[in-house]
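See structure below.
Read the figures in this text as sums done on the coordinates, not as results from a lab. Quick caveat: nothing in here was measured; it's all calculated off a predicted structure. Note that each Cβ is placed from the backbone with ideal geometry, even for glycine, and that neighbours are counted across all protein chains shown.
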Amino acid sequence: MIKTLSFILILLLISSVDISAQQQWRYEGPRIGFDLSRFLLPAFQSGSRHGWEIQGDIPYKGNWFPTAEIGMEWFDDKQQTFHYLSNGIYGRLGVDLNIAKFESLKDQDLLFVGIRYGYSHFNQEANNIIYSNYWGDVNSSLSRRPMSAHWGEIVFGMKGELFKNFFLGWTFRGKFPLVQTNDPNIKPYIIPGLGKTTGEIPFAFTFTASYRFPIFKTKTLPKPIKVGGAKHPGANREENSQYPSGGQYNMNQGR
Amino acid sequence: MKYLLTLLTACLLILTGCDEQNRCYESVNTQIVITLKSSDFSIYHGLIIHGVDRNATGDTLVNDTLSSQSKRFTLPLSVSADSTGFVLTIANVKDTLYFHHQMSMQFISESCGFAPKYTIDGTSYHTGIDSVRILDPVVNTKSIEKNTNDQNVIIYFNPASH
């Protein structure tokens, strides 16, 4: 009996040691997710707007997250006097910067700002265009035409680790159209990836559910980004004591 | 978990931000702006305009009984043909004027739909009209917003023939 209890006790001790050892590691790696708001869009748009978007990022020096996003979108807007169709593929490249301080090695929640460059290649057409005046009615159409658009984005958002390696987050996107194909008949009012162009500054929200592949592990906490000017020497001596000299983030450490 | 409340707040922001504008606030009325002047700057009395082959009571486009040296008005152009004809009755004398044009449909907005846009290529008319001067060949929904001293076309007619 004593032997059995001793064995269980030793097992618990080993397992607890193992758990505490795991908690000392900070896991990092590429994150792949998809945009949940694509499934909500049809409920809030006058036309039928469907699509998908995959997003991915990878940490760089702790607080930087180079990001790539790719997606497709279909828009079918059937109004009383016209029927507009557009569809296309788009991609965005950019980087996010975490501006929040990580409280511990386990803390993976992000508060970030970032920039994006976006490009979309899409087609648009319109048919059943109905117009009436003194001289009668006309029913015309505008044939399918390939278009492209370039734009920039300033993003702000959050990502929280709800479960181990599983993140949920939102991003607010202020968009700035740069260049687009000029169609003398229809200025596209929805561009895949850019969204509605009718506002002065188009903006959008995206909701992302993502999974992080814990490929790298480290015992080093990324040094928080300093906002503002330099402080008095030694003002943050106690605060910075948890970071290694120079605040360098070593992804290979502890491999 | 500490972000859940923020996430929910963002959800509400999305719901409120997705309100659609379904009202049309822009004009889809495309009309050519014309000024009719007498060649010798004399005053003429009365002007009636209707479309060619549109002689029914309700087909009159302009019925101006005032006396004037110059009158300014707007007229709709055909959406199905490449020329539009009008019969102008000035002091009980009829003249016929044709506008030759190209038309394409132009998108205005999601709420308003499309409206025609014309390019005037030329005109033809009978002898009662001296000349027609095209100042702005592009006729679109913005044309009717032109200033009172601005127009697409000026028509000069000869009062002696009326």
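A few comments on the model shown:
- Whole-number D in µm² s⁻¹ for the range A:82-140, Kirkwood Cα-pair radius fed into Stokes-Einstein, 25 °C, 0.890 mPa s: 149
- Relative to the longest principal axis of the Cα atoms of chain B, helix B:4-17 runs at roughly 10 degrees.
- Loop trypsin sites (Lys or Arg not before Pro), the range B:54-120, which have at most 16 other Cβ atoms in a 10 Å radius of their Cβ (DSSP): B:R54
- Relative contact order %, the range B:45-162, counting alpha carbon pairs below 8 Å whose residues are six or more apart: 19
- Computed log10 I(q)/I(0) for the range B:26-161 at 0.12, 0.21 Å⁻¹: -0.47, -1.35, from the Debye equation with unit scatterers placed on every C-alpha and solvent omitted.
- A:Y117 paired with B:K142, simple spin-label distance in nm, labels 7 Å along Cα-to-beta-carbon: 3.2
- Measuring between their Cα centroids, the range A:64-122 and the range A:154-231 lie 5 Å from each other.
- Above-threshold pairs, the threshold being 21 Å between Cα atoms, out of B:K117/B:K142; A:K196/B:K142; A:K175/A:K196; A:K101/A:K159: A:K196/B:K142
- Volume per residue of the C-alpha convex hull in the range A:137-205, rounded to whole Å³: 151
- Cleavage-rule hits, GluC sites (Glu not before Pro), the range A:24-117, DSSP coil, Cβ neighbours within 10 Å at most 10: A:E103
- Summary of the geometry: the range B:116-142 and the range B:33-90, compared by the centres of their Cα atoms, lie 13 Å apart.
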